[in-house]
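Structure first, commentary second.
Taken together, the values in this text are just the output of simple stated rules run on the coordinates, not laboratory data. Predicted model, so just to flag it, every value in this text is computed and none were measured. Cβ placement follows ideal geometry from the backbone for every residue including glycine, while neighbour counts extend to all protein chains displayed.
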Amino acid sequence: MIVIAHFTDTHFDGDPRAADRTRAVLDYLEGLPYDLDAVLVSGDITDHGSPAEYEEARKVLVSRHPMLLCPGNHDERVAFRQGLLGEERPSAAPVDQVLRGGGFVLAVCDSSVPGEHQGLLEDSTLAWLDGVLADTPHEVPVLVAFHHPPVTLHIPYVDGIRQFGEERLAALAQRHPHLTAFLCGHAHTAAATTFAGRPLLVAPGVVSTTRLPWEAATGSNPYVHFDEPPVVAFHVLGEDGRLTTHYRVVPTAAR
């Protein structure tokens, strides 16, 4: 059995609230009596992409489990590479990473577009992903992660800044049947749908929870809830190849 923890949208901004909520999630994961196969944080690590925010994130995002972080639309590639990956001469190229675990592969693609909020996988990222899939035996499941969902989620302000150019990714997926599922963040809500015939699983946000269009607009922000606790997703690959996702609420003091 393979278990991957997945959370997203920590939005470190120098305020203790974001750091405290992220720390609560990590404390929960660290306290599990089980060694996770991976922890995925799928974007918007910081709120403004500043070096100070990445320094704060680096100190909090520490785990005994293998961890992969990917950028989102609030991140900045050069500062991300330098602050979180420790690169001495960081470039502005997409931050694409792969974890080859025991019996699975997790390929993390950078869907951010510098200076914009919508997402797009650059041609170089798609070529890189094609290579990862081609180099992986067909009996090994590959999970592909990025920040922006490549479909509409029926949340208008999120759908306007989703991942576009998705037909290129769908065409790539058709060439690789062992691409098992897509994982993403960005929407600040737990959601499940399909893309290119595979599950598309959206992790809930840590810093806030999106208010759905049919929910009453209460409080100071009509778009998000700030008083809901953070939630973490667990993606489980069974020996039969079936993917199951569980969601767990993480208790934390409201701030």
For the range 161-175, 3J(HN,Hα) per residue [Karplus equation, 6.51 cos²θ - 1.76 cosθ + 1.60, θ = phi - 60°, Hz, x = Gly/Pro]: 10, 7, 7, 10, x, 5, 5, 5, 5, 4, 5, 5, 4, 5, 7
Between the range 142-161 and the range 44-91, the alpha-carbon center distance in angstrom: 21
Assigned charges on the beta-carbon of Lys, Arg, Asp, Glu; the chain dipole about Cα centre (debye): 340
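Can you give the convex hull volume per residue for the Cα atoms of the range 119-255, as a whole number of Å³? If you can, show how the numbers build up before the last one.
On the way: hull volume 16.6 nm³, N = 137.
Spelled out: Cα convex hull of the range 119-255, divided by residues, is 121 Å³.
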Burial order of peptide ranges 5-18, 45-58 (average beta-carbon count within 10 Å, highest first): 5-18, 45-58
For Met67, residues with placed amide H under 5 Å, excluding near neighbours: Val39
Debye log10 I(q)/I(0) for the range 37-157, one point scatterer per Cα, at q = 0.10, 0.12, 0.15, 0.19 Å⁻¹: -0.31, -0.45, -0.71, -1.09
Total formal charge among the other residues, if their Cβ is under 12 angstrom from that of Thr152, Lys/Arg +1 and Asp/Glu -1: -1
Note, ³J(HN,Hα) from phi for the range 39-49, Karplus 6.51, -1.76, 1.60, rounded to Hz, x at Gly and Pro: 10, 10, 10, 9, x, 6, 5, 10, 8, 10, x
Cα-based convex hull, the chain, per residue volume (Å³, whole number): 123
Hz values of 3J(HN,Hα) by residue in the range 114-125 - Karplus curve (6.51, -1.76, 1.60), Gly and Pro given as x: x, x, 10, 9, 6, x, 7, 8, 5, 4, 5, 5
Size of charge dipole - the range 39-175 - debye, nearest 20, with Cβ of Lys, Arg +1 and Asp, Glu -1, no other charges: 360
Formal net charge of residues neighbouring Glu87 (Cβ-Cβ distance under 13 Å; K, R +1; D, E -1): +3
Listed residues Val62, Val142, Val25, most fluctuating in the chain (Gaussian network, C-alpha, under 10 Å): Val62
Mean separation of Cα contacts under 8 Å (6+ apart) over length of the chain, as relative contact order %: 20
Cα gyration tensor shape of the range 1-46, rounded if a/c is under 1.5, else prolate or oblate by comparing a/b with b/c: oblate
Label-to-label distance, nm, for residues given as Glu87 and Ser63 (7 Å Cα→Cβ offset): 2.2
Under 5 Å, built H, 5+ apart or other chain: amide partners of Val113: Leu120
Asp240 paired with Leu212, simple spin-label distance in nm, labels 7 Å along Cα-to-beta-carbon: 2.9
Long-range amide H partners of Val95 with built H, under 5 Å: Asp110
